[in-house]
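Engineer: Just dropping this structure here.
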Amino acid sequence: MGSHAVRLTVNGRGHDLALPPNTTLLTALRDLGYTDVKNGCEIGECGACAVFLNGEAVNSCMVLAHQADGAEIVTNAGLGTMKDPHPIQEAFADAGAIQCGFCTPGMVISTKALLDRNPNPTEAEIREALSGNLCRCTGYGQIVDTVKLAARRLWPVGGGE
Ligand code: FES
Ligand code: FES
């Protein structure tokens, strides 16, 4: 099985790679050092590997790297840093919704995807939007509260009520 040229732009940085055709985007990203993209199941069931692919939230274990050729990818680390966190990342920390932290990057991606399309989601809409993200630690109550907190901070008028 030969390798094929793939160009990925990740968090604004371009990478020219030669990858076997069956390499997943998850593997490619982790091999590049984007270890904030977590490998939880590799079968599309846990959401830990979620990233934005040309602006759309996807499970990177379910996308082949060559399908992402030429695409813009944003991982949790591309949204903000420890020093300069995104309001959603800050809300996760402030609301006590991070225990082991394994699910957090994927939760942040799914939360951003939700709040970008719906600034004021109901609890049911939050639970539905995060239904593909598994958390073994927190129970989902704190995570729902986090999303409401993030909505209030992002859109102080009307969001997160
Ligand atoms: S590792 Fe991709 S959904 Fe679980
Ligand atoms: S904080 Fe541990 S899996 Fe969610």
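The values are calculated or read from the model by the stated rules, or taken from the named source; none is laboratory data. Predicted model, so just to flag it, every value in this text is computed and none were measured. All Cβ positions, even for glycine, are placed from backbone atoms using ideal geometry, and neighbour counts span all protein chains on display. Side chains are part of the model used for accessible areas, which takes the heavy atoms of the whole protein and leaves out ligands, DNA and RNA. Shrake-Rupley method; radii C 1.70, N 1.55, O 1.52, S 1.80 Å.
Engineer: Could you size up the charge dipole of the chain around its Cα centre, putting +1 on the beta carbon of Lys and Arg and -1 on that of Asp and Glu, and report it in debye to the nearest 20?
Structural biologist: Roughly 180 debye, rounded to the nearest 20.
Engineer: I've got another one for you. With a cut-off of 8 Å between alpha carbons and a minimum separation of six or more residues, what is the relative contact order of the chain in percent?
Structural biologist: Contact order relative to length: 22 percent.
Engineer: Classify segment 34-103 as rounded, prolate or oblate, taking a ≥ b ≥ c as the square roots of the eigenvalues of its Cα gyration tensor: rounded when a/c is under 1.5, otherwise prolate if a/b is larger than b/c and oblate if not.
Structural biologist: Because a/c hits 1.5 or more and a/b fails to exceed b/c, segment 34-103 counts as oblate.
Engineer: Another one. Between Ala93, Ala48, Ala124, find the one with the highest GNM mean-square fluctuation for the chain; connect C-alpha pairs within less than 10 Å.
Structural biologist: Per the Cα network of the chain with a 10 Å cutoff, Ala124 tops the list.
Engineer: Let me ask something additional. Taking all protein chains in place and a 1.4 Å probe, what share, in percent, of the accessible surface of the chain do carbon and sulfur account for?
Structural biologist: 50 percent
Engineer: Accessible area per residue for segment 27-103 in Å², computed with a 1.4 Å probe and the full protein assembly in place, what is it?
Structural biologist: Roughly 50 Å² per residue, with all protein chains present.
Engineer: Okay, moving on. What ranking, highest mean first, results for peptides 96-109, 77-90 when packing means the other Cβ atoms within 10 Å averaged over each residue?
Structural biologist: Listed from highest to lowest mean packing, they are 96-109, 77-90.
Engineer: Would you mind putting 132-142, 111-121 in packing order, based on average other-beta-carbon counts within 10 Å, highest first?
Structural biologist: For the peptides 132-142, 111-121, the packing ranking is 111-121, 132-142.
Engineer: With an 8 Å Cα cut-off and a minimum separation of 6 or more residues, compute the relative contact order for segment 56-134 in percent.
Structural biologist: That works out to 30 percent.
Engineer: Okay, next question. What does the net charge come to around Thr104 if you take all other residues with beta carbon closer than 10 Å to its beta carbon, with K and R at +1 and D and E at -1?
Structural biologist: Local net charge: 0.
Engineer: Any idea of Glu56's accessible area? Nearest 10 Å², probe 1.4 Å.
Structural biologist: For Glu56, the solvent-accessible surface is approximately 120 Å².
Engineer: Counting only residues 5 or more places away or on other chains, whose amide H sits under 5 Å from the amide H of Glu72 once H atoms are built in the peptide plane?
Structural biologist: Excluding prolines and chain starts, which carry no amide H, the hits are Asn54.
Engineer: Using helices alone, what [θ] at 222 nm do you get for the chain, with -39,500 (n - 2.57) per DSSP H run of 4 or more residues, divided over all residues and rounded to the nearest 500?
Structural biologist: The per-residue figure over the chain is -9500 deg cm²/dmol.
Engineer: Calculated FRET efficiency, Asp116 and Asn22, Cβ-Cβ r, R0 35 Å, to nearest 0.05?
Structural biologist: 0.65
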